Amino acid sequence: MKPLTEQTNPHTRDIDRRSTLEIVTLINQEDQKVAEAVAQVLPQVAAAIDLIVERLQAEGRLFYVGAGTSGRLGVLDASECPPTFGVPPDLVQGIIAGGPTALHSAIEGAEDNPTQAAIDLHAIGVSSQDAVVGISANGNTPYTVGALEFAQQLGAAAIAITCNEGSRLTQVADVAIVPVVGAEVIAGSSRMKAGTAQKLILNMLSTGTMIRMGWVYSNLMANLKATNEKLRRRARLILADETGLDAEAAARIFAASGNDLRLALVMTRLHLSREEAVAKLAACGGSVRRALDSLEKTDEV
């Protein structure tokens, strides 16, 4: 039997005979099923996050591995982590079958080689300390299955994201996340519902991990790297909104912090110098929340 993601969808037969509005309505109706499917696997997503956090707290890293659309989605999520959460670029990495060229061009046969995945992971030093997330719509992509098998052999955490129950990928994973989104609008075009489900789950994995690591304060990007004027403006606005400072004072303290929003928040809320704020944050693992809560606990005592 064909994997579910490659079967023909009875709801979209003869879509080529429909009007443009009818086409997009059908696509939208199918898309609405994606969030419902993801909702069914939230316990597995949470378990995966806890596993990733455990590895990162022990100085490990997170690797996303996939081919085609799945690989591109992994690379995309990994690339967003440094600017959003202020983490080093090697902490979360995306690996795609065929290498960087495969991000914009199909590399024939790249996904069919399971041993190449082990070679690629070995080349970047994946170890037992790390977490490896294999992403595959149908769950049987040899390259991605090979990556998780290699992760298992190393003792790394092995996590699967796939839209087919009982696939090979689920059988070599410590945690398998399997949102069953059903057949695609266009048969086999897993960049659509399956791809959307994968993107939603990757958003949860990276964001949930960063929250648990203490690199988000409240619901704010406290660790963002203000590398351009847009981000510097955003940081100043966050500082003003969170502390009640006016725009001029926020700009002054942000500059005094060295354009480091975490330091600016701690300096303002705890009335510390930059040097004192640096020491406080270091003692609290870089977490603004823990730094601020430490004062509250001291006050209670």
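Would you work out the relative contact order for the stretch 87-202, in percent, from Cα pairs under 8 angstrom that are 6 or more residues apart? Working shown, then result.
Working: 181 pairs, mean separation 22.2, N = 116.
About 19 percent, as a whole number.
So how much slack lies between Asn140 and Ala283, counting 0.36 nm per residue of separation and subtracting their Cα-Cα distance, in nm?
Numbers: separation 143, 0.36 × 143 = 51.48 nm, distance 4.51 nm.
Stretched out fully, the Asn140 to Ala283 stretch lengthens by 47.0 nm.
By how many degrees, 0 to 90 and rounded to 10, does the Cα axis of helix 229-243 deviate from the longest principal axis of the chain?
Taking the Cα atoms of the chain, the angle to 229-243 is about 60 degrees.
Give the order of Cys81, Cys163, Cys284 when sorted by the count of other beta carbons within 10 angstrom, beginning with the fewest. Walk me through the intermediate numbers first.
Details: Cys81 22, Cys163 27, Cys284 17.
Final ranking by Cβ density, sparse to dense: Cys284, Cys81, Cys163.
With just the Cα atoms defining each centre, how far is the stretch 234-266 from the stretch 47-110? Give it in Å.
A separation of 32 Å, based on Cα centres.
Taking H placed 1.01 Å from N in the peptide plane, check which residues at least 5 places from Ile177 or on another chain put their amide H under 5 Å from its amide H.
Here Ala160, Ile161, Thr162 satisfy the definition.
Cut-off is 10 Å between beta-carbons; in what order do Asp260, Asp293 appear when sorted fewest neighbours first?
Values: Asp260 23, Asp293 12.
Lowest to highest Cβ neighbour count: Asp293, Asp260.
Would you please calculate the Kirkwood hydrodynamic radius of the stretch 4-212 over all C-alpha pairs and express it in Å, rounded to one decimal? Mind dumping the intermediate values first?
Working: mean 1/r = 0.0583 Å⁻¹.
Final number for the Kirkwood radius of the stretch 4-212 is 17.1 Å.
Which whole-number percentage describes the relative contact order of the stretch 229-300, with Cα contacts under 8 Å and a sequence gap of 6 or more? Walk me through the numbers before you get to the answer.
Numbers: 58 pairs, mean separation 14.6, N = 72.
About 20 percent, as a whole number.
On a 0 to 90 degree scale, rounded to 10, what angle separates helix 142-154 from the longest Cα axis of the chain?
Once rounded, one gets 50 degrees.
Given R₀ = 41 Å, FRET efficiency for Asp246-Asn203 by Cβ-Cβ distance, to 0.05?
Values: r = 34 Å, r/R0 = 0.83.
Here the calculated transfer efficiency is 0.75.
For labels at Thr115 and Arg234 in the simple 7 Å Cα→Cβ model, what's the distance in nm?
The answer from the label model is 4.5 nm.
Hey, quick one: spin label on Asp90, modelled 7 Å out along Cα-Cβ, who in the stretch 49-71 has an amide N within reach, i.e. under 17 Å?
Residues 56-64 fall inside that zone.
Roughly how tilted is helix 20-39, in degrees to the nearest 10 and between 0 and 90, from the longest Cα axis of the chain?
70
Express in nm, to one decimal, how much length is gained between Thr101 and Glu276 on full extension, taking 0.36 nm for each residue of separation and deducting their alpha carbon distance.
Roughly 58.4 nm would be gained on extension.
If neighbour count is taken as other Cβ atoms inside 10 Å, put Ser19, Ser190 in order from fewest to most. Walk me through the intermediate numbers first.
On the way: Ser19 8, Ser190 25.
With the sparsest Cβ surroundings first, the list reads Ser19, Ser190.
Give the long-range amide H neighbours of Met213: residues separated by 5 or more places, or on another chain, with amide H under 5 Å away, using H modelled in the peptide plane at 1.01 Å from N.
When sequence neighbours closer than 5 places are left aside, there are no close amide H contacts.
To the nearest 0.05, what FRET efficiency results for Ser127 and Ile15 with a Förster distance of 45 Å applied to their C-beta separation?
Working from the Cβ atoms, E equals 0.40.
When only C-alpha pairs under 8 Å and at least 6 residues apart count, what is the relative contact order of the chain, in percent?
Details: 531 pairs, mean separation 58.5, N = 301.
Relative contact order of the chain: 19 percent.
Report the number of Lys pairs in the chain whose alpha-carbons are under 24 Å apart, with separation of 8 or more residues or on distinct chains. Could you put the intermediate results ahead of the total?
Numbers: Lys2/Lys33; Lys2/Lys193; Lys2/Lys199; Lys33/Lys193; Lys33/Lys199; Lys199/Lys225; Lys225/Lys280; Lys280/Lys297.
Lysine pair count for the chain: 8.
What FRET efficiency do you get for Ser294 and Ala256 if R0 is 22 Å and r is their Cβ-Cβ distance, rounded to the nearest 0.05? List each step's numbers first, then the result.
Working: r = 22 Å, r/R0 = 0.99.
The formula returns an efficiency of 0.50 here.
In a Gaussian network model over the chain where Cα atoms closer than 10 Å are linked, find which of Ile161, Ile135, Ile119 has the largest mean-square fluctuation.
Checking each option, the largest mean-square fluctuation is seen for Ile119.
Any read-out appearing in this document is the output of simple, stated calculations on the displayed coordinates, not a laboratory observation. Just so it is clear, the structure is predicted and the values come from calculations on it, not from any experiment. Here the Cβ is made from the backbone with ideal geometry for all residues, glycine too, and neighbour counts use every protein chain on show.
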